[in-house]
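Here's the structure, in structure tokens; my notes come after.
Nothing in this text is a laboratory measurement; each read-out follows from the coordinates by a stated rule. Treat the numbers as computed from the prediction; the structure is a model and nothing was measured. Every residue, glycine as well, gets a Cβ built from its backbone with ideal geometry; the counts of neighbours run over all protein chains shown.
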Amino acid sequence: MRNQKEIVFDSRYPSVDDLRTKAQKQIPRFAFEYIDGGCNEEINLHKNTREIREVELVPSYLNSYKGANLKTELFGHTYDAPFGIAPVGLQGLMWPNAAEILAKAAYRHNIPFVLSTVTTSSIERIGELTEGRAWFQLYHPTEEELRNDLIRRAEAAGCPVLVLLCDTPTFGFRPKEIRNGLSMPPKMTLSNLLQIFGKPRWAFETLKHGQPGFEVLKPYMSKNLNLKQLGLFMDQTFSKRMDVDKIAPIRDLWKGKLVLKGVVTEHDTEKAVQLGLDGIIVSNHGGRQLDAGESAIKPLTRIAKNHGDKITVMMDSGLRSGPDIARTLGSGAQFTFLGRAFMYGVAALGKLGGEHTISLLKTQLKQVMEQIGCGEIHEFPTFRKVDDQGK
């Protein structure tokens, strides 16, 4: 195992945009558009990042300064940075073995990796690779027995945090995925096959590691499902809409920390507090579910101001850089998560992509902290510029 403190950084790719460009060249178009795209006209996808970048930080140059400390305490554990790897479905489609690559990198750098119910590595394998430090995101099953078994498996794997997803009451309408055959039920088109032939490294790695599958769900699926049957299984297995009556029994079952992801209103935040949840992740699913909604940073600012003393408030959606992390922390988030940035990193650099992306974000964030004179993560809101209305 590589020394945890060793920095892996490829100077050819000094930004997430560089990784995105390389990833686009390296993997088939259908795989790239799956991770890169949003729903409908993709307005909220782009608005997420744009409105994060409207946040301004104000430096303090003449005060004494002892240096930047990126360490962050969250749910009783001190992480080495205030960001983690967000849950992403079908990670092995974008790059073979991606979930394991990212989980290993997260463990070495002491940041959280969140495993999705619908990704391509099992709870048990990721728990083994991270020595029980990975979080698990639960898509709520229709059947109580399946729900309880997934929770039991997450507990047995040592997961300290269970994340409940609440922002997928329907599957997002994503034109790119429909054209590429990646909607439900999925299908493989002639165009997709031609794209695979044009990306030999991706094809070789996929052949080497095997066709990606829903490893978390494999124990509950019949063998040799065709694509239409797979779509039917997914539609029947998950109840989609989350509500108070579904969360309450999970709070009783789960003894670790419980987080609700997809919160964008103060009303839902208040419900989470009343239910005794430990945290929320303000998120609009990276602009993949509701194109006609707010960017994530706007409700984050309101929720953190009014509820940050009652529940741990985190955010994902739209963060693409260390300065974006800084702006989000300045807006009141206590922790942040990134999904696409890490998938671009793995698709661009393979097994080194996770470590490179973590090192890149740490370096960028530390530079911002040193520039503005921010010593600790919790001090960021002090450096945020506000307008005359206090927004």
Query raised in the report: To the nearest 20 debye, what is the magnitude of the charge dipole of the chain about its Cα centre, counting +1 on the Cβ of each Lys and Arg and -1 on the Cβ of each Asp and Glu?
Result: 980 debye
Query raised in the report: When Asp149, Asp291 are ordered from fewest to most other Cβ atoms inside 10 Å of their Cβ, what list results?
Result: Asp149, Asp291
Report task. Taking amide H positions as placed in the peptide plane 1.01 Å from N, state which residues far from Arg174 in sequence (5 or more) or on other chains have amide H under 5 Å from it. Result -> Asn40
Query raised in the report: Exposure proxy check: Lys47, Lys385, Lys366, Lys261 ranked by fewest other beta carbons within 10 Å?
Result: Lys385, Lys366, Lys47, Lys261
**Report entry** Of Lys240/Lys310; Lys66/Lys104; Lys176/Lys218; Lys22/Lys199; Lys176/Lys199; Lys47/Lys385, pairs whose Cα-Cα distance is over 24 Å
**Finding:** Lys240/Lys310; Lys66/Lys104; Lys176/Lys218
Query - Kirkwood-type radius of the stretch 312-391, with distances r between different C-alpha atoms, in Å - result: 13.4 Å
Requested in this report: Report the normalised scattering of the chain as log10 I(q)/I(0) at q = 0.07, 0.09, 0.15 Å⁻¹, calculated by the Debye formula with identical scatterers on the alpha carbons.
Outcome: -0.29, -0.50, -1.51
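Would you please classify the overall shape of the stretch 42-82 from the alpha carbon gyration tensor, given that a ≥ b ≥ c denote the square roots of the eigenvalues, rounded means a/c under 1.5, and beyond that prolate means a/b larger than b/c while oblate covers the rest?
oblate
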